[in-house]
Number of protein chains: 2
Amino acid sequence: MPIRALVFDAYGTLYDVQSVRGVATELCGDKGEIITQLWRLKQLEYTWLRSLMRSYQDFWLVTRAALEFSLASVGIAPAAALCDRLMSSYLHLDLYEEVLRAVALLGDYKLAILSNGSPTMLDALVNSSAVAGCFADVISVDRVRQFKPEPACYALVEPALGVATAEVLFISSNGFDVAGAKRYGFQVAWVERGGAAPPPENSVVGPAEFYRMIRGRAEQLGYEPDYRVTRLTDLAPLVGR
Amino acid sequence: MPIRALVFDAYGTLYDVQSVRGVATELCGDKGEIITQLWRLKQLEYTWLRSLMRSYQDFWLVTRAALEFSLASVGIAPAAALCDRLMSSYLHLDLYEEVLRAVALLGDYKLAILSNGSPTMLDALVNSSAVAGCFADVISVDRVRQFKPEPACYALVEPALGVATAEVLFISSNGFDVAGAKRYGFQVAWVERGGAAPPPENSVVGPAEFYRMIRGRAEQLGYEPDYRVTRLTDLAPLVGR
């Protein structure tokens, strides 16, 4: 089946969620690393759990709750001023270094984003980054008040872009998102950003390494990606560019 | 509202999922600890993700997939014989030490289990433990082919026991289960088994400690338990026993 549109996940795929570490370390010292990892783990857990509980709250509020959980876990009071500064870092995450080149290589295709982010978060994130204006649509799951990998989220793409599901290449670094998108019916490319190497023998597995072990590998959920790449520029030859 | 039935979660609440550590360490050496923690994290993630993806697989298969993921993560080939031995430990998890006394104290109430476990797993687990025969019903979510915290799972209790939802006290150590049960409409007691203390200053946070931080605290999902206890015997005075 030909590919007529490329749809990207945002957090972890185009934008580096680990780039909050700088602010977290500036504000919380050597607890910054563990806050960074717990925050992302809880953020995703809360999207899944709120979808399951039928208790939707948008990604900004979910991200804030996950931050408060993480700060309290390391013994830091989640004061409003501290949380506000950390949350604002989520509006200015770093683009992965190859994104701009990848988007230029793929510009003949219809490009879009499908993200858990709220519309306000995504507007701020995309518009303040170098790829502002490169996407035909930035689709937020907020339109259906559920989170990925709920099928209703992926179902937003076809009507938004006017491209049949089977003609969409969906690209994500998040294993659960790869499985959910494949289950839904997209062609899927997994950007293997985490790496799957086991930790070195006899090393102490700290939070960053443990996070990588939890999130870096392909998930065993019965749905495999069609393509595996290590960076987004590797997509161009796959689609004939 | 009076309480007419007490419904317990099984894994982590009556039975100690951390008790697989012994076999894991026997078979996998010093990787046993990290396997124990990854396995439980992935097991729960896969229940949530498969529910969200509308791709149900029973808890035995989910637990096996999570084990294979965990072994591969630490560089151990998930050979069938190894997986079989580790999986069998899930059929003989240790009861927490106070469970038998708690059940004796609460015996005037209708007692039941509501668990993610498959019927076969729960039969083996309960019948080989000291509380066999103590429960009016052992309810598996397999009847609805979804996992907690999906409301359909909690909805199994009222027809199975003939007790109104508002007259059920649901007891779990799992924060997501506490939130889901409260959202559904039960009275809820949280057994705080993990502890919420932050890690000691300047300590290296290894996998067991990180797991405790991820799972030990109350979740920030907007639903608070009615009661917090540190062991199940503390339930008796709450319900007038």
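Here residue A:76 does not fit the description of being buried (at least 23 other Cβ atoms within 10 Å of the Cβ) and touching a Cys at 6+ places or on another chain (Cβ under 8 Å).
I need a count of the residues in region B:179-218 that are in a loop (DSSP other than H, G, I, E, B) and either closer than 24 Å to residue B:33 by Cβ or of a type in the set (S, T, N, Q) (or both). Show your work before the answer.
Keep residues of region B:179-218 that are in a loop (DSSP other than H, G, I, E, B), which gives B:185-186, B:192-206, B:216-218.
This time we only want the ones that are either closer than 24 Å to residue B:33 by Cβ or of a type in the set (S, T, N, Q) (or both), so: B:192-206, B:216-217.
Counting residues in region B:179-218 that are in a loop (DSSP other than H, G, I, E, B) and either closer than 24 Å to residue B:33 by Cβ or of a type in the set (S, T, N, Q) (or both) gives 17.
Hey, can you tell me all the residues within region B:127-149 that are more than 22 Å from residue B:66 (Cα to Cα) and surrounded by 15 or more Cβ atoms within 10 Å (Cβ to Cβ)? Across region B:127-149, the qualifying residues are B:129, B:131, B:134, B:135, B:136, B:137, B:138, B:139.
Could you pull out the residue among A:130, A:112, A:124 that is in the same structural domain as residue A:194 (by TED's automatic domain parsing), without any contact (Cβ under 8 Å) to a residue 40 or more places away in the chain, under 18 Å from the mean Cα position of the chain (by Cα) and outside any helix (DSSP H, G or I)?
On the way: A:112 fails: without any contact (Cβ under 8 Å) to a residue 40 or more places away in the chain; A:124 fails: outside any helix (DSSP H, G or I).
Going through A:130, A:112, A:124 in turn, just one is in the same structural domain as residue A:194 (by TED's automatic domain parsing), without any contact (Cβ under 8 Å) to a residue 40 or more places away in the chain, under 18 Å from the mean Cα position of the chain (by Cα) and outside any helix (DSSP H, G or I): A:130.
Out of the residues in region A:57-67 that are surrounded by fewer than 19 Cβ atoms within 10 Å (Cβ to Cβ) and part of a helix (DSSP H, G or I), which is nearest to the other protein chains (Cβ to nearest Cβ)?
Taking region A:57-67 and keeping what is surrounded by fewer than 19 Cβ atoms within 10 Å (Cβ to Cβ), we get A:57, A:60-61.
Subset that is part of a helix (DSSP H, G or I): A:60-61.
Values: A:60: 14, A:61: 9 Å.
Among them, the one singled out is A:61.
Among the conditions (1) open to solvent by 10 Å² or more (accessible area, probe 1.4 Å); (2) assigned to a helix (DSSP H, G or I), residue A:24 misses just one, which is (1). Taken together, A:82, A:41, A:86 contain a single residue that is within 14 Å of chain B (Cβ to nearest Cβ) and assigned to a helix (DSSP H, G or I), which is A:41.
For residue B:71, the conditions (1) touching a Phe, Trp or Tyr at 6+ places or on another chain (Cβ under 8 Å); (2) under 27 Å from residue A:203 (Cα atoms) are fulfilled apart from (1).
The rows are residues; the columns are (1) β-branched (Val, Ile, Thr); (2) closer than 16 Å to residue B:89 by Cβ.
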{"position": "B:4", "(1), (2)": "no, no"}
{"position": "B:24", "(1), (2)": "no, yes"}
{"position": "B:32", "(1), (2)": "no, yes"}
{"position": "B:46", "(1), (2)": "no, no"}
{"position": "B:49", "(1), (2)": "no, no"}
{"position": "B:63", "(1), (2)": "yes, yes"}
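One residue alone among A:4, A:101, A:50, A:54 is within 14 Å of chain B (Cβ to nearest Cβ), under 30 Å from residue A:162 (Cα atoms) and surrounded by fewer than 18 Cβ atoms within 10 Å (Cβ to Cβ), and that residue is A:54. Within region B:156-186, how many residues are open to solvent by 40 Å² or more (accessible area, probe 1.4 Å) and either farther than 21 Å from residue B:110 by Cβ or within 14 Å of another protein chain (Cβ to nearest Cβ) (or both)? Of the residues in that region, 3 qualify.
Taking region A:195-241 as the region of interest, how many residues are among the β-branched types (Val, Ile, Thr), within 11 Å of chain B (Cβ to nearest Cβ) and open to solvent by 30 Å² or more (accessible area, probe 1.4 Å)? Step through it out loud before you land on a result.
If we filter region A:195-241 for residues that are among the β-branched types (Val, Ile, Thr), which is where we start, we get A:204-205, A:214, A:229-230, A:233, A:239.
Right, trim to within 11 Å of chain B (Cβ to nearest Cβ) and you get A:204-205, A:214.
Still in the list and also open to solvent by 30 Å² or more (accessible area, probe 1.4 Å): A:204.
Adding up the residues that qualify gives 1.
The values are calculated or read from the model by the stated rules, or taken from the named source; none is laboratory data. This one's a predicted model, so the numbers in the text were calculated from it and none came from an experiment. Here the Cβ is made from the backbone with ideal geometry for all residues, glycine too, and neighbour counts use every protein chain on show. The protein model used for the area step is the full one, side chains on, heavy atoms only, and it has no ligands, DNA or RNA in it. Shrake-Rupley method; radii C 1.70, N 1.55, O 1.52, S 1.80 Å.
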